[in-house]
Structure formats: structure tokens, C-alpha cells
1. Of all residues in segment 65-117, which are among the aliphatic types (A, V, I, L, M) and in contact with a Leu (Cβ under 9 Å, 6 or more places away or on another chain)?
2. Can you name the residue in segment 113-123 that is in contact with a Pro (Cβ under 9 Å, 6 or more places away or on another chain) and among the small types (G, A, S) and is also least open to solvent (accessible area, probe 1.4 Å) among such residues?
3. Tell me, which residue of segment 75-93 that is of a type in the set (S, T, N, Q) and more than 15 Å from R53 (Cα to Cα) is least open to solvent (accessible area, probe 1.4 Å)?
4. Among the numbered conditions (1) more than 10 Å from the chain's Cα centre (by Cα); (2) aromatic (F, W, Y); (3) modelled with pLDDT of 90 or more, tell me where F10 comes up short.
5. Scan segment 94-105 for residues that are closer than 17 Å to D27 by Cβ and surrounded by fewer than 18 Cβ atoms within 10 Å (Cβ to Cβ) and jot them down.
6. Can you list the strands (runs of 3 or more DSSP E) found entirely within segment 37-79 that contain at least 1 residues being small (G, A, S), under 21 Å from S105 (Cβ atoms) and at pLDDT 80 or above?
Amino acid sequence: MALWLALPAFVMALAMKPGYAGGLFGDLVASEAANTGDDASPRAPRSRAGRERALADQLISLCSEPDSCMQAVTNDSGYFQFDDVPPGSYTLETLGPDGSVVSGSVDVDADSMQGVKIVTPSAAPKR
């Protein structure tokens, strides 16, 4: 009888997410404005001059150390998401359509979902 009463509490404990986990989501876009000498950044402002286009099926890596990475792939709208991320400092990295590596640092806080926008140079030549 005591085991039956303890079982629901055990099942509830398994179903709860760890209290320390956070999350990261965002958009990956290519911008002609990024070709004018602006640095690409995972913290780029949302009001960029120029046209932006979403980058679909792009691999995004979130690394705390070189050999400790999580990966996600963008959807058709350039959206990506990482769930259950322990708090800390990470490097966010992807390839731009011109083949350049775009990376930057991002801090993930406990118990929150944070958004970023990654703006890469477009594949168009610089003017």
C-alpha cells in the first residue's frame, strides 16, 4: 500500500523538467546589409536596413566547449530552437550562404527561453 502512494509522486517527479534548464530560439537570415561591412552577429538588431531572407535547412551549433555541442536545423522560415539548455556561456555557430562561418557568444539563463536573430552575409557579391 505504501508503494502505491509513493508511485504517483515518483511519476510526477519524472515528468517535471529540471529547474536549471533554459532554452534558446531564434531566426537565421541572410541580409544584403551584412555585405556592406557590417559584422554578422547572433545579437544583431531586428531593424536592419536592406532585404533579409530566411535560411532554411541550415545547421546551427550551440557549444559550451569544442567537444560539447548541441545542434539544430532551421525550418523553412529560418527558425531554430534548443530546449533544456543548462545555464552558461555558449558559442553559437553556423555557415552563411557565402560559405563564411558566422559565430558569436550567447549566455543562456536558467528557467527562461531567450531569443536571438542571426544575420549572415548574403551570397551576393559585395558592392
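The values are calculated or read from the model by the stated rules, or taken from the named source; none is laboratory data. Please read these numbers as outputs of a predicted model, since none were measured by experiment. No Cβ is skipped: glycine too gets one built from the backbone with ideal geometry, and neighbour counts run over all protein chains shown. Side chains included, ligands, DNA and RNA excluded: accessible areas come from the protein's heavy atoms. Shrake-Rupley method; radii C 1.70, N 1.55, O 1.52, S 1.80 Å.
1. Result: M70, A72, V73, V85, L92, L95, V101, V102, V106, V108, M113, V116.
2. S122
3. Only one residue tops the list, namely T91.
4. Tallying (1) more than 10 Å from the chain's Cα centre (by Cα); (2) aromatic (F, W, Y); (3) modelled with pLDDT of 90 or more, F10 fails exactly one: (3).
5. L95, P97, S103, G104
6. Once the strands (runs of 3 or more DSSP E) in segment 37-79 are filtered for at least 1 residues that are small (G, A, S), under 21 Å from S105 (Cβ atoms) and at pLDDT 80 or above, what remains is 59-65, 68-73.
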